[in-house]
Each structure stands twice: as C-alpha cells, then as structure tokens.
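Here's the structure, in structure tokens; my notes come after.
The values are calculated or read from the model by the stated rules, or taken from the named source; none is laboratory data. If you're wondering where the values come from, they're calculated on a predicted model, not measured in any experiment. No Cβ is skipped: glycine too gets one built from the backbone with ideal geometry, and neighbour counts run over all protein chains shown. Please note that ligands, DNA and RNA were not included when accessible areas were found on the heavy atoms of the full protein model with its side chains. Shrake-Rupley method; radii C 1.70, N 1.55, O 1.52, S 1.80 Å.
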Amino acid sequence: MGELQDIPDRPLRKGYTTGACATACTKAALWSLVTQKEIKETQIQLPIGDLVTFKVQRNKFTKKEVTYTTIKDAGDDPDVTHNAEILATVCLNSTGDIVFKRGEGVGLITLPGLEIPVGEPAINPVPRDMMRIVCKKILSDHGLEKNGVTITISVKNGEQLAKRTLNSRLGILYGISILGTTGVVTPFSAASYIASIQQGIDVAIANGKTELLINSGARSEKMLKALFPNISEISCIHYGNWIQETFEKIDQSPQITKVSMGIMLGKAAKLAQGMTNTHSGKTTWDKDFIYQLAIEAGYPDQIANKVLALNMAGRLREIFTFNDQENFYQKLIEQCHYYCQRIAPKVTITMYLINSDGTHISYSI
C-alpha cells in the first residue's frame, strides 16, 4: 500500500464490499442449484438494512454444483478490488452446516491475531453471516433444512491484487480478503484504513512483538527500514494520516513497549501544532505557527520571516539545512514527539524526521 491519494473535490459515489458481492453470488448460485433455473440478477439485504440488487452471471451449472459471478463496483473509492470478478460456487452437503472454502484468489489466514482462525479462508465474520442468512432462507423455502451448503469463494486475479494490499504482513497469503461490516464501500473511508491499522497491531501482538515501526506509507517505510534491517514486517504499521487513532490503539495495547516512528516534513509541520489527522483535505500547515517555532528555536527575524513566503512545508529545507545540528528541526520533531507521547504516555517513542532523499533526523527522550 502506497501513500494516500487526495480526495476528489466533488460528490463521491458509494460502492459495495467484496462481502456483499460474494453474498449476492452465493444467493444466486444456491437458488439456481435448488430450482435448476438461471437468473440474471438477485437482491440481498445489507447489514445496514438496505436492499440492493446485483447483476450476476452463471459461470458453471450442473445438478450438483453451481457457480455465479459478479463484478465488484467500489464506487469512487480507490480500492484495489474495484472491477474485480467475485465468484461463488455452492453445493449441498449432508452435515447441516454452512461450510466456507477458499477458492483461487482468496487469502488464507496463516498468523494469529485476526478475527478468523489460522487455516481458514480470509472471509470475515460479517460476510460469513450474510451468506449463512441467504442460504438458510433458500433451504427453508425449498424444504431442504436438513441440508448444509458448502460455499467456495474465489476472486479472479485475487493473488495479484493482494500484492497491492497489506495482506501479507497480516499473515493473509495467496489472495485478498472478503470484507465488509456494512456491505457498503464509503469512498476514501477513514474507517477501513483505521481498521487495518488496528488489525496490524493486533497481529503483531499475537505474534509476540513488543516493538513497532510506524510510517505514513510504503515510501517512508522503505527509507526507515534501512535503519532497522532486522525488524519483522509484522511489526511495520502504516498510519497513513491517522496518527491519533494509531497511538490510541498502541496505548490500549500494553504489550507494545517501544515505537519507532517515521514522519515526512509536510506531515511533521502539521503534527507539530497538534494536528493528529494530517490529510491534506482536512488540515493545512500554519506558516505563522512554523514562523513562531523558528523564533523559539533561536533564529533571528530575518531568517524566520522567510517561512511566511513559502507555499508548502517541504520547502522549509530551502531555509533550514536538513541535518541533526539544525535547531529548527530539533524543535519541530520535539513538538511532534510531545503530541504522540501525550496520547500514549507509557510507550517509549523514538521519532525520525525523514527527508525525501532518505536522510533522517532522530529525536527521543
């Protein structure tokens, strides 16, 4: 997962989760199996109560097994699974249970710490419940209550899509996860990113890690990992813009005793004044604040005044040479450290201000 994209300045269209798509395909496939008829669309109820209709297509059809597919529409969210083909294959079984199997392109849980046990397909609890509900309703409607259903979910090219996610460091291998708590994808949702942060920390803890390396994204992580060549990927967390939520989760996790944090100059200019959500659509850096910070760091007005003429925080390097001896950066990173330590006071935090060329300035108490 790379650095975050900016939010478009226009109304955004919502979409549907992989879990909702898998449920629609499961419903269509089971109905088609028990009636031996073909359908082109099916309606499901989302966990939030909405009734939505999905276009579906029959992929395989026999008297014992049926597969239906649909194309995921993520709306305007920059989701890697947008336009992915989701497939559900169903057959009846004699166990009376709803059994979930992993098809090609769906991940396998290989590490503890997630809601799904190790060895299970990466189909989250809410999508599982959605599929159970539609299956039991169809079985009841057709007098087949004694039967169970075996559901195999697949995603075309899912293993390739998963390489653009954080699944591997969560211990989810060979494909994507079937997700969704509401059934709806909210474009540029903070909730989904924050959930991935929390999951990442839970997985690190479940695998015995007590130290985290946190960064805004893949680019800054690559730079900082050069300082920590032996740190496990499981211990690496992308906080994106959600510094507040990341440190709140850390504070709630007594197993974590040490955090090394990398932060780029633009985000640091916001965090230093207490802005713990650093998205460009939510916050902007305050030149007057940075000017005052330079004065407090001991710079004369003739130097500090140059800050007021800048149009972006990254250009601060034109005024202050990027190195450990520059008082301005020490003051800036001290402020950043203060706000993070205030959220998680029991954790030892070492902070690294990262330059675009990979050099860094460190700060710790």
Worksheet item: Okay, helix-only estimate at 222 nm for the chain: each DSSP H run of n ≥ 4 adds -39500 (n - 2.57), divide by all residues, round to 500 deg cm²/dmol; what do you get?
Response: -9500 deg cm²/dmol
Discussion item. Starting from 0.36 nm per residue, how many nanometres of slack lie between residue 104 and residue 252 once their C-alpha separation is accounted for?
Written reply: 49.6 nm
Fill in: Hydrodynamic radius of segment 80-146 per Kirkwood, over alpha carbon pairs, in Å
13.8
Worksheet, complete the sentence: Non-local residues with an amide H under 5 Å from the amide H of residue 185, with H modelled 1.01 Å from N and Pro and chain starts lacking one, are 15, 16, 17
Response to the item:
Neighbours of residue 257 by Cβ distance under 9 Å: Lys/Arg at +1, Asp/Glu at -1, summed charge +1
Discussion item. Taking only Cα atoms of segment 269-325, what ratio of Rg to Rh do you get with Rh as the Kirkwood inverse-distance radius?
Written reply: 0.96
Worksheet entry | Packing-based order for 263-276, 211-224, 349-362, using average beta carbon neighbours within 10 Å, highest first | 263-276, 211-224, 349-362
Discussion item. Give me P(r) over segment 11-107, computed from all C-alpha to C-alpha distances, binned every 5 Å, as integer percentages.
Written reply: 2, 13, 23, 23, 20, 11, 5, 2, 1, 0
Response to the item:
Ratio for segment 295-350, C-alpha Rg to 2.2 N^0.38 Å, reads 1.33
Discussion item. Averaged across orientations, what area in nm² does the convex hull of the alpha carbons in the chain project?
Written reply: 19.8
Practice prompt. Whenever you get a sec, compute what percent of the accessible area on segment 125-214 sits on carbon and sulfur atoms (1.4 Å probe).
Written response: 52
Item to complete: Mind grabbing the accessible area of residue 334 for me, 1.4 Å probe, Å², rounded to tens?
Response: 80
Worksheet item: Over segment 131-254, one equal point on each Cα, no solvent: what is log10 I(q)/I(0) by the Debye formula at q = 0.14, 0.15 Å⁻¹?
Response: -0.75, -0.82
Worksheet item: What residues of segment 296-319 lie in the reach of a label at residue 286, counting those whose backbone N is under 19 Å from a point 7 Å from the Cα along Cα→Cβ?
Response: 296-298, 304-314, 316
Worksheet, complete the sentence: Over 27 Å (Cα to Cα) among 72/225; 306/346; 267/346; 27/63; 14/63 -> 72/225; 306/346; 14/63
Worksheet item: Ignoring ligands, DNA and RNA, what accessible area per residue does segment 70-132 give at 1.4 Å, in Å²?
Response: 41
Item to complete: Over segment 115-190, consider all pairs of different Cα atoms and compute the Kirkwood hydrodynamic radius from their mean reciprocal separation; express it in Å, one decimal.
Response: 14.5
Discussion item. With only alpha-carbon atoms in the gyration tensor, what are the semi-axes of the equivalent ellipsoid for segment 212-365, in Å, largest first?
Written reply: 26, 16, 14
Response to the item:
Expressed as a percent, the portion of alpha-carbon pairs in segment 44-189 spaced more than 22 Å apart is 41
Worksheet item: Under the Karplus relation 6.51 cos²θ - 1.76 cosθ + 1.60, θ = phi - 60°, what is the ordered set of whole-Hz ³J(HN,Hα) values for segment 62-74, x standing for Gly and Pro?
Response: 9, 6, 10, 8, 9, 10, 10, 10, 8, 9, 6, 10, 8
Discussion item. Considering just Cα atoms, how many Å³ per residue does the convex hull of segment 148-205 enclose?
Written reply: 129
